[in-house]
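Inspection log for the structure reproduced underneath, given as structure tokens.
The values are calculated or read from the model by the stated rules, or taken from the named source; none is laboratory data. Given the structure is predicted, the values throughout are model-derived calculations rather than measurements. With ideal geometry, Cβ positions are generated from the backbone for all residues, glycine too; neighbour counts draw on all protein chains shown.
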Amino acid sequence: MRLWKALGYSPHEAQEPAHRWHGRVVQVVGAERSGKSEFTAMDVVGDLAVCERVAVCAQEYDETRSEMEKMRVALRKMGGIQTISAPKRGKWEIVTPAGCIIETISFADGPEELTGTGLAYDVVVICEAGLVRYDCFLAARGRVTETRGRVVLSGTMHDSIGWYADMYETLQAPNVLGGRVFAFPAWSNRAVFPGGKDDPEIAALRAIYSEDEFARRVEAKLVPSPARVYPEFQHVVHVPFPQLKVAEDEPVYLAIDAGWYPSRYAVLAIQVRNASYQLPSGSTMTTEAVMILDEVWVHHTAHEDVIDICRQRPWWSRVQRAIGGHESKQHPASASTAEVWRAEVGKDSRDPKRFGFETFDAGRVLDGVQRVRTLLKDPASKVPRILIDPRCHGTLHELGAYSKPVDRRMRVLSDQPKDQDNDCMDALRVFAVRRFGLADRGPRRRHPGRRRVASRG
């Protein structure tokens, strides 16, 4: 592009194909010092002639500073700034002579600063995208719908879990997002590493870092973790957009794990509904699916306070039954979870007219984990039978973070999951075994009032 040449910008070998991509979503996974900030800034500058509004977002305003500084320098060179507000802290805004507005947005309090104005954007950039929540990405995608614009995701692969890592795999193949991923290894930036892949500094980093750390921080690769308990989970597959709605003709169930600090108190609001899927063969499959509509995921909160939080939610009046693990029926020196819920629900006018709290022994953790895995990806049809609302941040976090113990070389030491990052997971596991059993056995009679124990065989 002649504009870039005039600005003194020459894309390196990894940047150039990313600039040529004009899909709706572009993900740039850059190693340290690989030029991802420069790419992002110049990509926006190259599109400004056809843009009216651009958002440059990050978890905190400071994380947009590098990209905005590079844009400011480039626009000054070309006489492209009419007004600018660039405080040392907080929101920046640049207005071009053609009237295009470039503004920074913080996701520190969630996506509301982006969605609250109702404005449409031609381009939404998310800097250090691996640090923001998945619903922030969904909000960005929604803001470019009206303009048929695009979302640019830029960041480092900080870990092998989370939506940003999932996106790395999803965008390498044809996908519903219309997106593509580009990796910028450190050596692609010849200004920093003139010897390329054989640069002495790259060799020094290879000697310092472990194999996995080198792959992530220098090669800009995803290193899938063998320790993940639920490798089937993918944000793009299991988190629908737009968000789930409560079906008025179906009951709501609560899956509860009343963790004690440092664990969290987890309550999942679930509906089990029929869902239809188009199979690769062209036929349609209809099956029961678990819809996780909402969650309560809190620390240092008593049973009564959690019930009060639930009373504020729009699904509360439709709740029929809560299901907790066997530990729900006992707690030393105090009333059990089940006893408190049974006593408290019914005291408020907002409470459901019919409510029961059922305790259930789901059996071995590994058996329940396997049941959830078959719901995340049906073994026969390969369809997802669990869908999660994007507002369920705790559930989404735990599905990625719940893991098996590993040694220093990331070798799995045991198939038994670690007892952490699993409060929502324990609630989901108990509910899955209670509702579906340990294996699909076709239609069966239900006995809502009876306590069942998972069978093994």
Looking at (1) in the same structural domain as residue 138 (by TED's automatic domain parsing); (2) of a type outside the set (Lys, Arg); (3) in contact with a helix residue (DSSP H, G or I) (Cβ under 8 Å, 6 or more places away or on another chain), can you tell me which one residue 229 breaks? (1)
All positions within segment 149-191 that are closer than 29 Å to residue 10 by Cα, in contact with an Asp or Glu (Cβ under 9 Å, 6 or more places away or on another chain) and assigned to a loop (DSSP other than H, G, I, E, B): 149, 156, 158, 185, 189, 190
Filter segment 210-261 down to residues that are more than 19 Å from residue 167 (Cβ to Cβ) and of a type in the set (Ser, Thr, Tyr), then give me how many there are. 3
In segment 214-254, which residue that is surrounded by 14 or more Cβ atoms within 10 Å (Cβ to Cβ) and of a type in the set (Asp, Glu) is nearest to residue 142 (Cα to Cα)? 232
Count - residues of segment 387-446 that are within 25 Å of residue 254 (Cβ to Cβ), of a type in the set (Gly, Ala, Ser) and at pLDDT below 95: 5
Looking at segment 404-419, which of its residues are of a type outside the set (Lys, Arg), part of a loop (DSSP other than H, G, I, E, B) and in contact (Cβ under 8 Å) with a residue 40 or more places away in the chain? 405, 410, 415, 416, 417
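Any residue that is within 18 Å of the chain's Cα centre (by Cα) and either of a type outside the set (Lys, Arg) or at pLDDT below 90 (or both) - is there at least one of those in segment 257-265? Spell out how you get there, then give the answer.
Residues of segment 257-265 that are within 18 Å of the chain's Cα centre (by Cα), as a first pass: none.
No - not one qualifying residue is present in segment 257-265.
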Can you report the number of residues in segment 95-121 which are assigned to a strand (DSSP E or B) and of a type outside the set (A, V, I, L, M, F, W, C)? 3
Output for segment 357-403, where each listed residue is buried (at least 19 other Cβ atoms within 10 Å of the Cβ), part of a loop (DSSP other than H, G, I, E, B) and over 24 Å from the mean Cα position of the chain (by Cα): 362
Kindly list, by first and then second residue, each pair from a residue in segment 2-26 that is within 18 Å of residue 49 (Cβ to Cβ) and in contact (Cβ under 8 Å) with a residue 40 or more places away in the chain to a residue that is part of a helix (DSSP H, G or I) and not aliphatic (A, V, I, L, M), limited to pairs with Cβ atoms under 6 Å and residues at least 6 apart or on different chains. 7/77
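Quick one: in segment 26-76, which of the residues that are in a strand (DSSP E or B) and among the aliphatic types (A, V, I, L, M) is farthest from the chain's Cα centre (by Cα)? Break it down into steps so the answer makes sense when it comes.
Taking segment 26-76 and keeping what is in a strand (DSSP E or B), we get 26-30, 53-58.
This time we only want the ones that are among the aliphatic types (A, V, I, L, M), so: 26, 28-29, 54-56, 58.
Details: 26: 17, 28: 17, 29: 16, 54: 23, 55: 20, 56: 20, 58: 15 Å.
Checking each candidate, the answer is 54.
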Selection status of residue 168, more than 30 Å from residue 366 (Cβ to Cβ), surrounded by 14 or more Cβ atoms within 10 Å (Cβ to Cβ) and among the hydroxyl-bearing types (Ser, Thr, Tyr): no
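Would you mind stating whether residue 137 is free of Cβ contacts under 8 Å to residues at least 40 places away in the same chain, farther than 16 Å from residue 222 by Cβ, of a type in the set (Phe, Trp, Tyr) and crowded, with 18+ Cβ neighbours inside 10 Å? Before the answer, list the steps.
Details: free of Cβ contacts under 8 Å to residues at least 40 places away in the same chain: yes; farther than 16 Å from residue 222 by Cβ: yes; of a type in the set (Phe, Trp, Tyr): yes; crowded, with 18+ Cβ neighbours inside 10 Å: yes.
When the stated conditions are applied, residue 137 passes them.
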Counted residues, segment 83-134 - those being touching a residue at least 60 places away in the same chain (Cβ under 8 Å) and more than 16 Å from the chain's Cα centre (by Cα): 7
Looking only at segment 116-133, count every residue that is in contact with an Asp or Glu (Cβ under 9 Å, 6 or more places away or on another chain) and either buried (at least 24 other Cβ atoms within 10 Å of the Cβ) or among the β-branched types (Val, Ile, Thr) (or both) and tell me the total. 4
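Here's the yes/no breakdown for (1) buried (at least 21 other Cβ atoms within 10 Å of the Cβ); (2) closer than 15 Å to residue 235 by Cα; (3) in contact with a Ser or Thr (Cβ under 9 Å, 6 or more places away or on another chain); (4) of a type in the set (Gly, Ala, Ser):
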position: 110; (1), (2), (3), (4): no, no, no, yes
position: 114; (1), (2), (3), (4): yes, no, no, no
position: 153; (1), (2), (3), (4): yes, no, no, no
position: 158; (1), (2), (3), (4): no, no, no, no
position: 175; (1), (2), (3), (4): no, yes, no, no
position: 191; (1), (2), (3), (4): no, no, no, yes
position: 208; (1), (2), (3), (4): no, no, no, no
